[in-house]
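Take a look at the structure set out below.
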Amino acid sequence: MKYANGDVYKGEFRSGNPNGKGVYLFANGVRIEGDFDGSEFDRGWGTIKYPDGSVYTGDFDQGTPNGHGVLNYANGTRFEGTFIDGKPLPPPLLPPSPPPPSPPQGVYR
């Protein structure tokens, strides 16, 4: 199915919308291959390939990473974790470790 904005979807449909296995090609060069679930283009799980060569595999919503996934950037950097609105959530900061105990003070004989 080709949309007026230039996007193309090839795959399974339900009620005229992408639903099931398929490939969604955005006019801007982004390609999503996976399982689609929802009205028009809602959410699912699959692989998103970006024009710069970066590849994301995991949950998506509205064509962007949302939920758990792995993003392999074109420069070789890798992030695995939670994404919200296409952005990786940084890992929580852990409290600093307590300093090591000081040696006992006094006179040794």
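Summary of values
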{"item": "For Ser54, distant residues with modelled amide H under 5 Å away", "result": "Ala74"}
{"item": "Set of lysines near Lys87 by C-alpha distance (under 19 Å), chain-local residues within fewer than 8 positions excluded", "result": "Lys49"}
{"item": "HN-Hα J in Hz across the range 61-69 - Karplus 6.51, -1.76, 1.60, θ = phi - 60°, x for Gly and Pro", "result": "8, 6, x, 10, x, 8, x, 8, x"}
{"item": "Amide hydrogen neighbours beyond the local backbone of Asp7, cut-off 5 Å, H modeled", "result": "Ala27"}
{"item": "Net lengthening on full extension, Thr77/Tyr3 (0.36 nm per residue, minus Cα-Cα)", "result": "23.3 nm"}
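We did not get these values from a lab; they are worked out from the coordinates using the rules stated. Because the structure is a prediction, the values reported are computed rather than measured.
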